[in-house]
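For reference, the structure discussed in these notes is given below.
The values are calculated or read from the model by the stated rules, or taken from the named source; none is laboratory data. It should be emphasised that the depicted structure is a prediction, and the values quoted were computed from it without experimental measurement. Positions of Cβ are backbone-derived with ideal geometry, glycine not excepted, and every protein chain shown enters the neighbour counts.
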Amino acid sequence: MDHSKAPVLEALDAYHDEGQTPFTPPGHKQGRGVDPRVLAILGEAVFRSDVLAISGLDDRSSSHGVLAEAQALMADAVGAEHTFFSTCGSSLSVKAAMLSVAGPHETLLIGRDVHKSVVSGLILSGVRPVWVDPQWDPVLHLAHSPTAESFRAAFRDHPEAKGALVTSPTAYGTCSDLAAVADVCHEHGRPLIADEAWGAHLPFHPALPTWAMDAGADVCVTSVHKMGSALEQSSVFHLQGDLVDPHVLSARKELLGTTSPSSLIYAALDGWRRQMVEHGRALYDEALALVADVRARIGAIHGMRVHGREDFVGPELAADMDPLQIVVDISGLRITGYTAADWVREHHRVNLHLSDHRRINAQLTHADDEESARRLLTALEDLARHADELPPAPEIHVPDPAELRLEQAMLPRDAFFGPTEQVPWRRAAGRISAEMLSPYPPGIPAALPGERLTAGLLDYLRTGVEAGMVVPDAVDGTVRSVRVAVEE
């Protein structure tokens, strides 16, 4: 296929050249109705290119095939058989993928380290989850994706399962052995869904971890806005093989998706694909060289340890890692990652990717250069110099894996929509959660609707919040009280 083409961008350019006059949404009419104060900040070009995908980029019957061609080019670029664009982020894409594999009261095997969007999909669909335990590092208190053997055991116990879902890479950049997990699924004639939201860049350089389609996954969801050049909410999901019907997947997407997709997002996805095909290898040659240098220089800062393969990859850990996610243990500074992230933002206007009780993470992409790297290094060096002036890390009770593994006592949908009450957190142990309790970022629920809460888990959340953890999904973000199901 001709990857010098960008069908959405070309259609948008033609729309401008033809001087068409819309009597359709959007109501701002290419920016003419927008408050000048808004234009001064957002710019006229944003509104000029915010046009309908139908009766804008294409005619009423989509006879020009603009979107279809752009999606076909994306599929060809990464070696998938089918590709679908989403303007609602991977939160929608992963729900569509789940619903294309399992329906209400059917079983799906799911790694317990999933993003909260997967839990939202369970609540909406009524799918019955069978949770597969991640690989837990008891020293670093970090979870890696479940192993193939863990999925094999889950299929043995639940042969009725319609498929499996695994998250790889994680928000910390660690990766599952997707090829082995896919083999286990295919031995049972079941599809594998890979939530590869953090891996949109993986197909475009051989030094990066193997991406899901090459590993044999049937459906792969990627957030192009996370590691690519597309706009926020840009997502694509890819399909291969015959275990998931493309028409079913498309129908589930239409069920959940907006009827007013953003042409801006489509155009950015289209342009990113062309950029990666034409220049991706060279861009990531440079990015990988830069990140290797940055890793070494951060590792030389007093009190900081940059995690590498020696920490994250091994038989009981992850199968691979993305070096562009720079995970730094700052426990040597005796402050929390929450405090560190707030301090570098306030004093250096540097925004870190995520933070936890002992770590910070800086995400580099092909867009970074020596200047952005210098700003990061300057901020971290200054943080180390001022660490003694910052509040010391309070004690956070991090439960052992047994305490983190909660009993799924009800379907997530039933617990969420059933009768509930709000109780003080100390009285919530033993009760069934009716809400998600998700430290964010990265947004992996510590507890989800239908799980029976434990004292250890609640103590972890309360001490975490006191140390700076944010739990935005909770009715009470301080976790002084918790919403629980009313049980007969």
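So which of 478, 420 ends up being out of contact with any Phe, Trp or Tyr (no Cβ under 6 Å at 6 or more places or on another chain), over 29 Å from residue 195 (Cβ atoms) and either in contact (Cβ under 8 Å) with a residue 12 or more places away in the chain or crowded, with 19+ Cβ neighbours inside 10 Å (or both)?
Criteria check complete, one pass: 478.
Scanning for something closer than 28 Å to residue 268 by Cα, polar (S, T, N, Q) and part of a helix (DSSP H, G or I), does region 161-169 turn up at least one residue?
No: region 161-169 contains no residue that is closer than 28 Å to residue 268 by Cα, polar (S, T, N, Q) and part of a helix (DSSP H, G or I).
Does at least one position in region 366-374 carry a residue that is of a type in the set (Lys, Arg), more than 23 Å from the chain's Cα centre (by Cα) and within 13 Å of residue 298 (Cβ to Cβ)?
Within region 366-374 (the criterion being of a type in the set (Lys, Arg), more than 23 Å from the chain's Cα centre (by Cα) and within 13 Å of residue 298 (Cβ to Cβ)), the answer is yes, since at least one residue qualifies.
Need pairs with beta-carbon distance below 9 Å; first residue at positive phi and within region 25-52, second charged (D, E, K, R); sequence gap 6+ or separate chains.
30/44; 30/48; 30/50; 31/44; 31/48; 31/50
Quick one: residue 80 ticks every box in (1) in a loop (DSSP other than H, G, I, E, B); (2) surrounded by fewer than 20 Cβ atoms within 10 Å (Cβ to Cβ) except a single one, so which number is it?
For residue 80, the failing item is (2).
Sort out which residues of region 97-111 are out of contact with any helix residue (DSSP H, G or I) (no Cβ under 8 Å at 6 or more places or on another chain) and crowded, with 22+ Cβ neighbours inside 10 Å, and write them in order of number.
Correct list: 101, 111.
Quick check, is residue 483 farther than 19 Å from residue 136 by Cβ and not in a helix (DSSP H, G or I)?
Criteria met by residue 483.
Scan region 25-74 for residues that are surrounded by 13 or more Cβ atoms within 10 Å (Cβ to Cβ) and among the hydroxyl-bearing types (Ser, Thr, Tyr) and jot them down.
Across region 25-74, the qualifying residues are 49, 55, 62.
Just to be sure, is residue 91 under 17 Å from residue 269 (Cβ atoms) and not in a loop (DSSP other than H, G, I, E, B)?
In short, yes.
I'd like the full set of residues that are outside any helix (DSSP H, G or I) and touching a Pro at 6+ places or on another chain (Cβ under 6 Å), limited to region 449-463.
449, 450
Anything in region 304-321 that is touching a Ser or Thr at 6+ places or on another chain (Cβ under 8 Å) and either buried (at least 22 other Cβ atoms within 10 Å of the Cβ) or at pLDDT below 95 (or both)? List them, or say none.
Residues satisfying the conditions are 312, 317, 318, 319, 321.
State the number of residues belonging to region 182-239 that are touching a strand residue (DSSP E or B) at 6+ places or on another chain (Cβ under 8 Å), of a type in the set (Ser, Thr, Tyr) and either surrounded by fewer than 24 Cβ atoms within 10 Å (Cβ to Cβ) or over 22 Å from residue 117 (Cβ atoms) (or both).
1
Based on what the data block shows, is residue 426 within 26 Å of residue 133 (Cβ to Cβ), of a type outside the set (A, V, I, L, M) and either surrounded by fewer than 21 Cβ atoms within 10 Å (Cβ to Cβ) or in the same structural domain as residue 127 (by TED's automatic domain parsing) (or both)?
The answer is no for residue 426.
Only one of these is in contact with a Gly (Cβ under 9 Å, 6 or more places away or on another chain) and not hydroxyl-bearing (Ser, Thr, Tyr): 280, 308. Name it.
308
Can you say whether residue 47 is among the aromatic types (Phe, Trp, Tyr) and closer than 29 Å to residue 204 by Cα, as far as the supplied structure shows?
Answer is no for this residue.
So the check is Cβ under 8 Å with 6+ separation or different chains; which pairs have a first residue in region 248-265 that's more than 17 Å from residue 58 (Cβ to Cβ) and a second one that's of a type in the set (D, E, K, R)?
From residues that are more than 17 Å from residue 58 (Cβ to Cβ), the pairs are 252/95; 256/95.
Given the residues 130, 119, which is the only one that is of a type in the set (A, V, I, L, M), farther than 26 Å from residue 230 by Cβ and either touching a residue at least 12 places away in the same chain (Cβ under 8 Å) or surrounded by 24 or more Cβ atoms within 10 Å (Cβ to Cβ) (or both)?
130
In region 341-364, what count of residues is obtained for those that are buried (at least 19 other Cβ atoms within 10 Å of the Cβ), more than 23 Å from residue 138 (Cα to Cα) and over 17 Å from the mean Cα position of the chain (by Cα)?
The number of residues fulfilling the criteria is 4.
Identify all residues within region 209-222 that are touching a Phe, Trp or Tyr at 6+ places or on another chain (Cβ under 7 Å) and not β-branched (Val, Ile, Thr); write none if there are none.
220
Among the candidates 245, 214, 195, 183, single out the residue that is under 30 Å from residue 161 (Cβ atoms), charged (D, E, K, R), without any contact (Cβ under 8 Å) to a residue 40 or more places away in the chain and not assigned by TED's automatic domain parsing to the domain that holds residue 321.
183
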